[in-house]
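What follows is a short report on a single structure.
The values are calculated or read from the model by the stated rules, or taken from the named source; none is laboratory data. What you see is a predicted model, and the numbers here were worked out from it, not measured in a lab. Here the Cβ positions follow ideal geometry from the backbone for every residue, glycine too, while neighbour counts run over all protein chains shown. Surface accessibility is based on the protein's heavy atoms, side chains included, excluding ligands, DNA and RNA. Shrake-Rupley method; radii C 1.70, N 1.55, O 1.52, S 1.80 Å.
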Amino acid sequence: MSQLPVIVGFGGISPAGRSSFHQGYRRLILDQLDASSRQDTLVDLATLTGLAQYDAGSYQLQGDTSQHFTAAELANRIEQQVRNNTLIRRIHPDWFDVNAVMFNRPASIKGSDQGLSFRLRSRQLPQQIPANWQVEEISGGQVEVRIDGSCELIFPDSKPALVQSAGMLPTGFEPGKLYQSRNHPRGLQMAVYAASDALRSMGIEYQTILDLLSPDQIAVFASNSIGQLDDLGFGGLTKFPALGKRTTSKQMPLGYAQMPADFINAYLLGNVGTTGGALGACATFLYNLKSGVEAIRTGRSKLVLVGGSDAPVTQEIIEGFRAMGALAEDKQLMALDGLAEMAEEHYRKACRPFGNNCGFTMGESSQFLVLMSDDLALELGADIHGAVADVFVHADGHKKSISAPGIGNYMTLGKAASLIGTLLGEESLKQRSFVQAHGTSTPQNRVTESHVINETAKAFDIPDWTVSAIKAYLGHSQGTAGGDQLFASLGVWKHGIVPGLTTTTEIAEDVHSSNLHFPLTHKKTGATGMDSVLINAKGFGGNNASAAVMAPHVVEQLLTRRHGEAAMNAWRKRREQVREQAESYNQSAIMGQAKPIYLYDHNVLTGDDLQISADEIRLPGYANPISLQVENPYKDLC
């Protein structure tokens, strides 16, 4: 019997804010929320970004301890500032100065008839003195250099960025200040916060779970698509020598793309079970989700943490994608809208999935899911937010250009739709499923992905398939994009609203839409109006993935068939306490009092600490051993 991978926790951080308890999703539909939910989300963002702090039953604004506010008063006071500091917007100087992007200029200079001479400190001399240099020592540790002929140099210079919009984490949120980050690259700081958020959202202590399992029944699958490319990772490693800066001992190891999983194993969980980090460009999150689903379904793992963390809002990465022609440049946006110049409100509408668009918008995000086998979830009373039926992956076959889309996505989406139809019935697929599209906002994507979805809808006789695209709000967080799509979908089953394509004024004429519905405003469906969502990813290089995710109300129906009504009633009773504990974490996070899990130099084991026999290995601090009795998969060869 295959175990069903159920979602028992989720968390993260994106341009919309904290993901757990649907806070980030709520930011997307802020105007549709009831007063209580709206207040919680605004206050959560205020404390997250340092706009306000909680103190002895009331809130104070940053830098002003003379006034005290209730949560309702604070929400009213900071709402516009919170709106301005979230989602896609003009790049804030905290990331880099869009008016002065470093772009140094090489030059060849030559002196007058008397030659070229200058003075500098002797320690600043190059190790290899050019042949046409004459160096003379003078007083004070300085030298005078005379050059015969020309000299090659680089002038420090800058220019305005051609792309000035991005989906940035809420302005003021600094994950590295919440724990001892020790010069960690930004993507890893985000991963520590996001994974902690997901774990605590369960409402079940990790040690409680660990005591029920063998250590090797836990797995972590997490990575990003391009590594850590800021100055504290591979970015600094590659450019520091050219800038005359010293390479550090951390830039090389912390730059690896699988490092989010490594950090969680070493500093959050102390995990000794399976680990891995798949890479698949924009489909990376779904590749890792596939590994997690297979681990649970086959019984190899009972608890799996799946996630990704990408921090590509740097001037170098943005310039790289711009040079490919992939990003929406300011001048192109102005041409589309007939503008003489860009204002703040125009930057917020830079990403327009399936509309008249000109390129995608860079984003950053870190998202994590906690998956459990269905039997363990019932035993623990875990809250079930949905289930991942499967993830399908296909390549594109022969290609002319490595960057061009191909045929693989037809297979992944078709298989995902077929599985939903088999599990939940054709009527459910046709009437109560929707698609979270990759929706990058490039002219090529709007045509090719809409064709994939539309043809799939035709094949399965789906008359009016609802298509959402979360990048309209968050931008494209590269390998973590599938996680953004998933957290926005889980919120639909809490609040009953599919986020609309609100930045797209009209669907482009070349979009295939005979069997599709692209809501340009938020679509109300009700909490049980949608039974499933298909998460779609079309990755650079031919990396395609589609995940079939089922709603919590249909998961309960499926589990009732498997386990019986008595077992489900017992689970619901245990779930009450779990929900109370989870909400306690939520409230502490809203008040800005929750800190990430970070266990540095904690219970470090060596080989001498283990008890090893031919049957098992026992680890100090773990209730159950790891069995060495591995089943022989090749019995016919023995």
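For an R0 of 56 angstrom, estimate the FRET efficiency from the Cβ-Cβ distance between residue 53 and residue 113 and round to the nearest 0.05.
E(calc), rounded to 0.05, equals 0.25.
What Kirkwood hydrodynamic radius do you get for the stretch 589-638 when you take the inverse of the mean 1/r over all pairs of distinct Cα atoms, in Å?
It works out to 14.9 Å.
If I take every Cα pair under 8 Å that is 6 or more residues apart in the chain, average their sequence separation and divide by the length, what percent do I get for the relative contact order?
Reported relative contact order: 19 percent.
Which percent of the accessible heavy-atom area of the chain goes to carbon and sulfur, probe 1.4 angstrom?
That share works out to 49 percent.
So for 109, 626, what's the accessible-area order with a 1.4 Å probe, most first?
On the way: 109 50, 626 30 Å².
Output order, biggest surface exposure first: 109, 626.
For the stretch 410-525, take the alpha-carbon Rg, divide it by the Kirkwood Rh, and send me Rg/Rh.
Working: Rg = 13.5 Å, Rh = 14.5 Å.
Rounded to two decimals, Rg over Rh is 0.93.
Taking the Cα atoms of the stretch 192-258, report the difference between the largest and smallest coordinate on each principal axis, in whole Å and largest first.
53, 23, 20
Two decimals is fine: what is log10 I(q)/I(0) at q = 0.23 Å⁻¹ for the stretch 341-447, from a Debye sum with one equal scatterer on every Cα and no solvent?
With no solvent term, the Cα-only Debye profile gives -1.28.
Would you mind working out the accessible area per residue for the stretch 1-74, using a 1.4 Å probe, and quoting it in Å²? Could you put the intermediate results ahead of the total?
On the way: 2530 Å² over 74 residues.
Ligands and nucleic acids excluded, the result is 34 Å² per residue.
Would you please state the base-10 log of I(q)/I(0) at q = 0.14, 0.24, 0.26 1/Å for the stretch 541-602, with intensities from the Debye formula using one equal scatterer on every alpha carbon?
These q points yield log10 I(q)/I(0) values of -0.77, -0.98, -1.05.
Using helices alone, I'd like the mean residue ellipticity at 222 nm for the chain: each DSSP H run of four-plus residues gives -39500 (n - 2.57), total over residue count, nearest 500.
Taken over the chain, the calculation gives -10000 deg cm²/dmol.
Between residue 610 and residue 323, what FRET efficiency comes out of the Förster formula 1/(1 + (r/R0)^6) with R0 = 41 Å and r the beta carbon distance, rounded to 0.05?
Efficiency at R0 = 41 Å is approximately 0.20.
DSSP loop chymotrypsin sites (Phe, Trp or Tyr not before Pro) in the stretch 590-638 with at most 13 other Cβ atoms within 10 Å of their Cβ, which ones?
On the way: sites: 598, 600, 622, 634; in loops: 598, 600, 622, 634.
For chymotrypsin sites (Phe, Trp or Tyr not before Pro) across the stretch 590-638 that sit outside H, G, I, E and B with at most 13 neighbouring Cβ atoms in 10 Å, the list reads 600, 634.
Across the stretch 65-202, what fraction of all alpha-carbon pairs, as a whole percent, falls in each successive 10 Å bin from zero upward?
Once binned at 10 Å, the Cα pair distances of the stretch 65-202 give 9, 20, 21, 17, 16, 11, 7, 1.
Taking the Cβ of residue 105 as the centre, find all other residues whose Cβ is under 14 Å away and add up their charges (Lys, Arg: +1; Asp, Glu: -1).
After counting each charged neighbour, the total is -1.
Quick one, could you list the DSSP H helices from the chain stretching 18 Å or more along their long axis (Cα atoms) with average Kyte-Doolittle hydropathy of -0.5 or above?
Going by DSSP H runs, the hits are 35-48, 186-201, 284-297, 408-424.
Kindly sort 135, 447, 8 by accessible area of their heavy atoms, largest first, with the probe set to 1.4 Å.
Sorted descending by solvent-accessible area, the residues read 135, 447, 8.
Could you give the radius of gyration (one decimal) and Dmax (whole number) of the Cα atoms in the stretch 411-473, in Å?
11.9, 35
Could you give me D for the stretch 284-328, from Stokes-Einstein at 37 °C and 0.692 mPa s, where the hydrodynamic radius is the Kirkwood radius over C-alpha pairs? Units µm² s⁻¹, please.
Diffusion coefficient, whole number: 253 µm²/s.
Would you mind getting the accessible area per residue of the stretch 289-378, heavy atoms of the protein chains only, 1.4 Å probe, in Å²?
31
Determine, at each q value in 0.16, 0.22 (inverse angstroms), the log₁₀ of I(q)/I(0) that the Debye formula gives when each Cα of the stretch 11-94 is one equal point scatterer.
-0.60, -1.06
Hand me the GluC sites (Glu not before Pro) from the stretch 323-370 located in a DSSP loop with no more than 10 other Cβ atoms within 10 Å, in residue order please.
Those satisfying the criteria are 341.
Against the 2.2 N^0.38 Å scaling, with N counting residues, where does the stretch 186-330 land? I'd like the Cα-based Rg ratio to two decimal places.
1.18
What percentages, rounded to whole numbers, describe P(r) for the stretch 134-200 computed over all alpha carbon pairs with 10 Å bin width beginning at zero?
13, 23, 17, 13, 21, 10, 2
How long is the stretch 465-585 along each principal axis, judged by its Cα atoms, biggest number first, in Å?
The Cα atoms of the stretch 465-585 stretch 54, 29, 29 Å along their principal axes.
Over 22 Å, how big is the tail of the calculated P(r) for the stretch 294-392, in percent of all Cα pairs? Walk me through the numbers on the way to the answer.
Numbers: 2618 of 4851 pairs.
So the portion of pairs separated by more than 22 Å is 54 percent.
What percent do you get for the relative contact order of the stretch 129-282 when only Cα pairs under 8 Å and 6+ apart count?
22
Got a number for the accessible area of residue 346? Probe 1.4 Å, square angstrom, nearest 10.
Its accessible surface works out to 50 Å², give or take rounding.
Could you tell me which label, among (i) 23.9; (ii) 30.5; (iii) 26.3, carries the value of Kirkwood radius over Cα pairs in Å calculated for this structure?
It is the value labelled (iii).
Using only C-alpha positions, report the orientation-averaged shadow area of the convex hull of the stretch 121-245, nm², one decimal.
With every direction weighted equally, the projected area is 15.2 nm².
Is any residue of the stretch 483-508 close enough, with backbone N under 18 Å, to a label point placed 7 angstrom from the Cα of residue 83 along the Cα-Cβ axis, and if so, which?
From the stretch 483-508, the list is 500-504.
Based on a Kirkwood Rh over C-alpha pairs, give the Stokes-Einstein translational diffusion coefficient of the stretch 28-75 at 10 °C and viscosity 1.306 mPa s in µm²/s.
Value of D from the Cα-based Kirkwood radius: 144 µm²/s.
What does the charge add up to near residue 484, with Lys and Arg as +1, Asp and Glu as -1, over the other residues with Cβ less than 14 Å from its Cβ?
+1
So, by mean Cβ neighbours within 10 angstrom, what's the order for 250-259, 553-562 with the highest one leading?
Top to bottom by mean Cβ count within 10 Å: 250-259, 553-562.
If we sort 279-290, 110-121 on the protection proxy, mean other Cβ atoms within 10 Å, highest first, what's the order?
Numbers: 279-290: 28.3, 110-121: 10.7.
Ranking the peptides 279-290, 110-121 by packing returns 279-290, 110-121.
Just order 365-373, 232-240 by mean Cβ neighbour count inside 10 Å, highest at the front, would you?
365-373, 232-240
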